[in-house]
1. Looking at segment 45-92, which of its residues are away from ligand 2 (no atom under 13 Å from the Cβ) and among the hydrophobic types (A, V, I, L, M, F, W, C)?
2. Starting from segment 241-258, keep only residues that are within 14 Å of residue 162 (Cβ to Cβ), then list their pairs with residues that are at pLDDT 85 or above and aromatic (Phe, Trp, Tyr) whose Cβ atoms are within a distance under 8 Å, requiring at least 6 positions of separation or different chains.
3. Of everything in segment 183-202, what is loosely packed, with under 14 Cβ neighbours inside 10 Å and of a type in the set (A, V, I, L, M)? Give them in sequence order.
4. Taking segment 231-258 on its own, how many of its residues are crowded, with 16+ Cβ neighbours inside 10 Å and either among the β-branched types (Val, Ile, Thr) or touching a strand residue (DSSP E or B) at 6+ places or on another chain (Cβ under 7 Å) (or both)?
5. For the structure I just gave you, tell me whether residue 180 is in a helix (DSSP H, G or I), within 21 Å of residue 121 (Cα to Cα), within 16 Å of ligand 2 (Cβ to nearest atom) and among the aliphatic types (A, V, I, L, M).
6. Of the residues that make up segment 143-152, is at least one away from ligand 2 (no atom under 16 Å from the Cβ), out of contact with any Asp or Glu (no Cβ under 7 Å at 6 or more places or on another chain) and β-branched (Val, Ile, Thr)?
7. Which residue out of 220, 162 is surrounded by 13 or more Cβ atoms within 10 Å (Cβ to Cβ), more than 16 Å from ligand 1 (Cβ to nearest atom) and not in a helix (DSSP H, G or I)?
Amino acid sequence: MTAQAPKTNPLKVRNVHFKFDEVPKHWILGSTIATHFINSMHIVFPEGEKFFIRSVRRYAKDMKDKNLVKEINNFCGQEGVHAREHERFWEVMNEQNLQPHRFANFLKKTAFSGKYSYEKVSRNILEKIKPGLGDKFSLSVTTALEHYTAILAHALFLEPIATNDNIAPQMLELLHWHAAEEIEHKALCFDVLKEVDDSYILRVSGMSLATILLFGYITAGQVYFIAVDKDKSIVKMPFETYFLIKTIVFGQIGKELSKNLLSYFRRDFHPNDIDDRHLVDNFFKDKAYA
Ligand SMILES: [Fe+2]
Ligand SMILES: [Fe+2]
């Protein structure tokens, strides 16, 4: 039996503007491999977040619980600020000759807006099978991706290498702020999906596609940025790859991710079963923008 989901505070939209002055090109441990893994997320997140907003907002009018309507608006507000701040970093990447817009256009076209993009094709097919199924599936994929962002956020707060000594401080602040808000709103899409359609099959099928999309595009972006990076050190890259695999797959992040990912497949799972509100409170306690 699932424990009763704990009551959470109302979501708050924090209109934060980060300063990205003097961010070095390889801003995580001086590593090309690690930096471009997260640089890829700077592209994938904003487009993904716009998709989340589209997927959940269309259901606001159907919610019986008026508090959920308010929280959908706040969720969209938080995701909108995340997308904007990650997108602002594209300017820095552009100055570093990483040509982020080329990868962003590829992602936009193939995943969301092109005639044969995932979003268009899957919605068209599913809407023909049953009207409304395409929208429900988009919400299910969003709910699964929100689970990913919440468990990645959880792992980031526990990761010993995520310190100002290893990661450019302004970038670590951006990642931690985003992570805190992902944990804060982790149950919203799940609760909306539950009210729209409580089907277990719908929920887990969204997770399958979410996994392929998320890791497929992040890896594609990482490979693209490594390819266009003229300052990479070919000699250092095998060592950097070994270190990243050791840290992500076999370290704290890998342990936390696998444990929390599997919990999504429990029939009675609810995101608030993972009790990590203290990570959010702890992060925001001394922030002026909290
Ligand atoms: Fe976000
Ligand atoms: Fe989110």
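1. Answer for segment 45-92, where residues must be away from ligand 2 (no atom under 13 Å from the Cβ) and among the hydrophobic types (A, V, I, L, M, F, W, C): 60, 63, 68, 69, 89, 90, 92.
2. 244/37
3. If the condition is that a residue be loosely packed, with under 14 Cβ neighbours inside 10 Å and of a type in the set (A, V, I, L, M), then 201 is the only one that fits.
4. Summing the residues that are crowded, with 16+ Cβ neighbours inside 10 Å and either among the β-branched types (Val, Ile, Thr) or touching a strand residue (DSSP E or B) at 6+ places or on another chain (Cβ under 7 Å) (or both) in segment 231-258 gives 3.
5. no
6. Within segment 143-152 (the criterion being away from ligand 2 (no atom under 16 Å from the Cβ), out of contact with any Asp or Glu (no Cβ under 7 Å at 6 or more places or on another chain) and β-branched (Val, Ile, Thr)), the answer is no, since none of the residues qualifies.
7. 162
The rows are residues; the columns are (1) modelled with pLDDT of 95 or more; (2) within 16 Å of ligand 2 (Cβ to nearest atom); (3) not polar (S, T, N, Q).
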| position | (1), (2), (3) |
| --- | --- |
| 5 | no, no, yes |
| 14 | yes, yes, yes |
| 32 | yes, no, no |
| 40 | yes, no, no |
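The values are calculated or read from the model by the stated rules, or taken from the named source; none is laboratory data. The shown structure was predicted, so the numbers you read here are calculated from the model rather than taken from an experiment. FYI the Cβ positions are ideal-geometry reconstructions off the backbone, even for glycines, and counts take in every protein chain you see.
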